[in-house]
1. Hey, how many Å between the Cα centroid of the range B:189-216 and the Cα centroid of the range C:108-158?
2. Could you state the accessible area per residue of chain B in Å², with a 1.4 Å probe and every protein chain left in place?
3. Have a look at the range A:239-269 and report residues whose accessible surface goes down by 50 Å² or more when the remaining protein chains are included, against the chain on its own, probe 1.4 Å, ligands and DNA/RNA excluded.
4. What is the percent carbon and sulfur in the accessible area of the protein assembly as shown, measuring with a 1.4 Å probe over the protein chains and ignoring ligands?
5. Can you give the net charge of the other residues whose Cβ lies under 13 Å from the Cβ of A:Q203, counting K and R as +1 and D and E as -1?
6. Could you state how much accessible area is buried at the A-C interface, both sides summed, with a 1.4 Å probe, in Å² to the nearest 100?
7. At a 1.4 Å probe radius, which order do C:S168, B:S107 fall into by accessible area, largest first?
8. Rounded to the nearest 20 Debye, what is the dipole magnitude of chain B about its Cα centre when Lys and Arg each give +1 and Asp and Glu each give -1 at the C-beta?
Amino acid sequence: MNIIQHVANLLIRSVFHADPASWPWTWLVQAVVIGIAAFLAFAFVAIFAGPVSWIERRIAGRIQSRIGPNRVGPQGVLQWLADGVKCWLKEDLVPAAADRPLFLAAPYLVFTGMFGAFVVLPFGAQVVAADLNVGILYLLAITSLVVVGLLMAGWGSNSKWALFGGVRSAAQLVSYEVPSAFSLLCVVLLAGTLSTQGIVAAQGGWPWDWFIFRNPFMFAAFFLYFTAAIAEGNRTPFDLPEAESEIVAGYNIEYSGMRFLFFLFAEWANIWIMAAISAFAFLGGWQIPGIAPEQIAATKGWEFVGWQALSWTIFLVKATFLVFVVIQIRWTLPRLRVDQLMITCWKYLVPLSMLMVLGVLVLLALVPEGGGADTILRGAMVGLGLAVVLVSALRVRRTFRVDREHYREMEGRDLWYPPYRLP
Amino acid sequence: MTPAEIRERVSAACPGAVEEFQADLLDPVLRLRPDRLREVCRFLRDDPGLRLHYLRLVTGIDRPAAADSETPGGIDVVYHLWSYELRHGCQLRVRLDRANPVVETVSDLWPDANWYERECFDLLGVTFAGHPGLTRLLMPADWVGHPLRKDYARPERYHGLPTSRATVLAEGRAAEVAPAMHDTKAQPIEGYLRLNMGPHHPATHGVINFLLETDGEILKKATPDVGYLHRGIEKLAEQVGYVGTMPYTDRVDYLGAMFTNHGWALAVEKLLGVEVPRRAEFCRVIASELNRIASHLISTGSLAMDLGAFTPFLHWIRERETINDIMERICGARLTYNYLRFGGVSRDIDPETLDKIKHWIDHFEPMMDEFDRLISSNEIFVRRLAGVAVISPADAIAYGLVGPNLRASGVAWDTRRDEPYSIYPEFAFDVVTGRAVHGTLGDAYDRYDCRLREIKESLKILRQAMAAIPEGEARVKVPRPKPAANEVYARVEGPRGECGFYVVSDGTEKPYRARFRTGSFTAMTIIEHLSPGLMLADLVALIGSLDVIAPEIDR
Amino acid sequence: MTDTPAGRDPTAQAPLCPTGGDSAPLVVTTRIDDLVNWSRENSIWYLLFATACCGIELMQTGGPRTDLDRFGAVFRSSPRQSDLLIVAGTITYKMADRVRLIYAQMAEPRYVMAMGSCANCGGLFQQSYSVVPGVDAIVPVDIYLPGCPPRPEALNEAILRVQDLMKSEHWASRRQGRGNP
Amino acid sequence: MVPAVPPPVRPNPVRAYFGNIRRAVSSTFEGMTVTMSWLFRRPSTIQYPDRTEKPVREMLPETYRGLLEVDLSRCTACLLCAKTCPLGCISIETCKHPDGAREFQTFDIDNGLCMFCGLCAEACNFDALAHTREFEASVSSAEQLTVRFVDRPGRLVAKAKDLPPRRPRGSILAALIPGFGRRRRRAAPPEPPASPAPAPAAGAEGPENPEGTA
C-alpha cells in the first residue's frame, strides 16, 4: 500500500468515519490526495530545480577560478528566483512562421515527461507517489516522452538550428535508451522485480549491500547507466541538442520568457532525476545502514517520522552527490561529435551493457547470494570503490600541491594581480 | 636568387613580357605587359629553378593622372611571389587602363588569388577575366563605387542610414527605415539544406558568415562570406598619415596588436632608413612574445570552447589577464597597445615589470601541464580534432597559409628565423612544426598542438631576452615621417602568421597606399576547399583551429 | 551617505531615463515594481554579440577576473532569451541590418548598450566609408560606454548602470514604450 | 622543406577498441581531478566594485591609459594635441581679448570618439593633457560622452613660463562629471593623492582659480 492510499484511507476513516473499501466516494478522496501530492511534487521540483541551477553556477564558477552568483541573497542563493521571476515576466514571443500549436505545447510536454518520472521515485520506505509493479518500465517510457517535446520544439520553431537540435536529441535519446535499459536490466535481474521500491528493498544500507558493489559487472553497469543517463539528460559531453558553439542554442533557440524557463526547468530537474535513479537502483536508495525497513515500519509516532526523515536525507544526499558529479563532468569535458555520439552508444555502450547483463546472469547462477564467494566478491568491489576514491583524492592533492608550492614561493612578494590561492 | 636574376630568366623565357624593371625600389618590381601576365606567372610558378609556389599578396594601387602631368593615370595590380624552397621572391606589376581595368586571372595558378582578386575588384574595380566568381567580397553586394579609388566620394546615405555622425545626431533617434537585407547568397544547391551560419554565431570568431549546404550533419559545401567587419583601415591610413596609422594597426589584429604595430613600424622605418636602438628592439621582442602568448591562449582556449569545454577557456582567460596587467604596465593598454613608435617604443620597460614577467613565467609553466591534463590529452578533444580537416603541405602553400597553420602542415617556415627582422637571430628557439601526434600531419590537432608548443618557444625567447636586455635609450627621436617616394613590404611573424605591410609612399606625410597582408585572410580561402564531407561540428573545429579573426580578414 | 548592499550611493545617481508621467504610483504597484525590478536587475542575460576588439573584453568580463556572473549576468547565444544587447564593436553597413534583426528578435523588456567608441559613434572609424557612425542610428541605445575598448571593470560598471536604469522603471513600461524597429 | 605526408597507420582493431575505452576513462578521470582541484583553490576574481581591498583604479599602473583629462591651468593652447589626434576628438577654441590675454572658449574631449591611443598626451609638452586611471564613464545619452573642460567663461590660457604644478590626475574629471566615480567600495578610506606631486591648496576648492586672472 503506498502512501497515497494510506493517507486517503486515513482521511476517510478519521474524517468521514467510513470504511474505505466500501465507501462510494473513496475515489474522490484519493483523487484529491493525488492532486495535493502532485502539487507537492511540483513544488519540490521547483524548489529543487532552482537551487540546482544555483549550485551548478557556483561550482562552475569555482572550477573556473571565479565566484559565480553571489549578490542575490546570502551567497546568491536566491539567484534562481530572480531568474525565474524575470523569465516569467518577459515577453513570450512566438515566431511568425512557427507552427503555433506545436511551438506552444512543446515545453509543457517536455516538462510532463520529466515530471512524470517523479511518480515512481522512492524517496523513502513509505514515500513514493505510486509504487507501480512496472516501475522501471514506466520510468523508461515516461522519460522518453521528453524526446517528443524536444522534437516538437525543434520542428515547431521553424528555425533550422532548432530543427537540428530537435533531430539530434531524438536520435540521441532513442539510442541511449538501449544501454540504459540494459544496465537497469542488470538491476532488475538481481532484485527480481520491476518495482522501484522492490529494488531498494533488495539492497541494504551498507555499501556492500548496494547493487553497485555486488559484483564487477554491476560496478561497470553503474557507470554504463550513468553515462547513458547523462546522454539522456542532454548534458555535456552529450549536450549536442543544445550545442552552443555549433547550433547556437539548439531546440530552444526561438523560445523566450516562461516557455524557455520550462525547458531550463526540465533540464535541471532531469539531472536530479537521473541522479536519483542511479541512487536508488545502484546505491541502495533510502536504506539506512544497520536498520532493516521492517524495523522502521514497526515504529510509531515521532520515532517513525524521525527514521523516515533520515531515510529521505540519505536518499537526497546520494542523489545530490551524483548531481555534483554530473555538474563536474559538464565543466570538464568537451562535446562529442554526432557520429562519435552514435559510435559511443552503439559500438561501446550497447555491447558492453549486454555483456554486463550476461555477466550478471552467469554470476547469479554460479555465485549463490550470501555464500562465501559472494562475500569475497562484495568485499573486493567495495575495496575497488575505495581505491578509486583514494586514487582520485591523491591525484587532486598532487594537482594543487604544485600550485601551493608555487604560491608559497610567491608569498610576500608584491604582486599586483591576485594569484588564486588555497583557502 | 635576386630579383634581377629572376628578371633575366623571365626575359629569357618570355621575351618582351617585361616592360620595365624598377630596381631602385626597396623591393624591386618587374612591370609586365598585362596580356603576358598569365604566361609569366605560369613560368614563375612551374620553372624548376624558380618554384614560386606561394602567392603572398595581390593588390591594386589607384594612380589617377595628376592634373598637370601628361602621363595617363592607371591602376597598378601588384603580385608578390615567394618560394619557400629556394627562399627568393619577386614582385610583379601590371599597369591597367583606369577607365576599363581588365587583366587575366591567376586564381587557377594560385588558389588564394581568388579572394585577393575579388577584393581588388570590390575595392578598386579591377576586372579579372576568367575569374570563377568575381563578386564583391568585403562591401555589400549593392554598394556603389570602389572605395579605394582616389576619387571615391562617400555617399550621404546607404539604405536610409546616414553616413555621418552629425546627421545621426540631428535625426535624434534610430532611423525607422529598415535596410533591406543585402543578398550575398549564392544559388542554393538542389537537394541540400541551406544554413546561414553567422554573422552572429558563437563559433565563427567574430562576424563571419558561412553559407552552408548540408545533407543532415554532413556538409556539401561551406562558403565563407566576409566583410561584416570591413572598416576601411587601409583607406583611413591614406588619410591620417604614418604616425596616426599606428593606433589603427592595433585594430587590424586586436589579439596581436603588437605585431601589427611592429610590422607597420618596420615598414615605415625601412622607408625612412631609421635605426632602432638596441634596448628598444628588446622591448619590442619582449612585448611581442608576451602578446603572442596572449593570442595563442585565446586561440587554443576558444578552440576548446568551440568544442564544448568551457573551463579551459576561462583558465586561459585568467592567465591572459595577467599578461594584460603586464601589458598595461608596459604600454598602458590591455588590448590596443599602440606601443611602438618609429625609432623605438613609446615607453621603456622598467626592471620591476621584468621581474613580474619572470614571476609570471614561473607560475605559468606548471599551468601549461595542467592545461594538457585538462584538455589537450582528453580523449574526446583529441578525437574531435585528430584527422579532421587535413591540409597537405602543398595545399597549405598554394592557399597561402602562414604561421602556425602552415607549420602544422609540416612546412618549417618562421619569419623570425627565415627572414629575420629585429633581433630574433640572437635567440635560440625552435620552429615548431606539426608532428601528427594523434592523427594525420596537418590536421586540426596539429594546428592546436603547434600553438601550444609555440607558447613554450615564446617563453624561451622571453627568458633569453630578459636576461640579455641591454641598458640604453628605448627611443630615438624621429621627426615627423615624410619618406621619399618608394615602396616597401615589411613582414613580421605574428600569432596568425606572416603579418605583412605593403606601403607605397609618394613623398608626403601620408602613405599613398597601404595594404596589410594578414594570415586570416588566406586561411579563410581554404575553408571552402576543405569543407566538403566535413560534419557541422567539424567546421567549428576547423574554424577554431585555423584561428581566424574577423578584423584580420576584413581589415 | 547610505550604502546599498552593492556599495552604491543612490544619492549620487544622475537621472538616467525618464520613466513617464506616473509620478505617484500606488503602493501595491511599487511593491510589484520592486520585486520585478529586483528580479530583472539581478538576472541580466546579455547577448554575446562580439563584433570586434570590444568582444575580447566582453569575454574577459565574463571571465575569472571580473566575473559578471556574480551579478547574475550570464551570456546567452540566442537573442530571444537575452535582456541586454551589448553591441561590442564596430558595426558596418553590411552588418547593420543584422543588428536590427537581432534587436527585433529580442523579447521585451530589452536594453541596448553601446560598448566602446565604435558603437558609440563610429569611433576611430567614423570617417570610414563602410562604418555606421554610431549604433544609435540603428537601434535605440540605453547606455553608452566609452573606451576603446573599455576595460572589463568599465563594462561591469555599465552593467550596474543598466541595473540602476531597471530599478527606476515601472514594470510594464517597457512593453508599451518601445516599438519594434 | 615540404615533407611527404606519412600514410595513416591502422592499428589492431581489438586493441584500438579497448584502448579507446581505457583512454576515454583515464583522460576523463585526469580532467576531473584537475577541475576538482580547482574547487579547493581560491578564485582569482576581483570583486569590483565594492568588495575589493582598494579601489580598482588604484590597482592599475600609473601608465594606464584611461580617460583623458586636461589641467587647464597648465594648458597653453598650443593645439599640438588636437593636431596629433588622428580622429580630432579634441576641440579647442580660444579667443583673444583686447588686452592681449587669450581665454578658452571650449576645450572638449569626446570620450565617445577617443581611441585612447595616447598620442595626444605624448605630444603635450606641459603635462597638461594626460591619461588618468579612471575608466567609469558610462552615460545614458550620447551628448554626455563629451567632457567639457572649460567650466566657466573667462578661463585664461596659461603661459609656458610659469606653470602651476599638475593637479592630481583624476581630480579634475571627478569635479566635472556628475556622479563620477560613484562605484566606490563600501566605506572607502580617504584617498591619497594619486600623483606624488603635492596638490596645491587652490586645487581643493571647487572650480579653482587659474593663475593670472586676478
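1. So the two Cα centres are separated by 27 Å.
2. 29
3. Buried on complex formation: A:E244, A:S245, A:E246, A:V248, A:F260.
4. Summing carbon and sulfur atoms, their accessible area is 61 percent of the total for the protein assembly as shown.
5. After counting each charged neighbour, the total is +1.
6. Buried area between the two chains comes out at roughly 2800 Å².
7. If we order C:S168, B:S107 from most to least accessible, we get C:S168, B:S107.
8. 700
The values are calculated or read from the model by the stated rules, or taken from the named source; none is laboratory data. Here the structure is a predicted model, which is why all the values come from computation and not from measurement. All Cβ positions, glycine included, derive from the backbone under ideal geometry; neighbour counts span all protein chains shown. Just the protein is used for accessible areas: all its heavy atoms, side chains included, with ligands, DNA and RNA removed. Shrake-Rupley method; radii C 1.70, N 1.55, O 1.52, S 1.80 Å.
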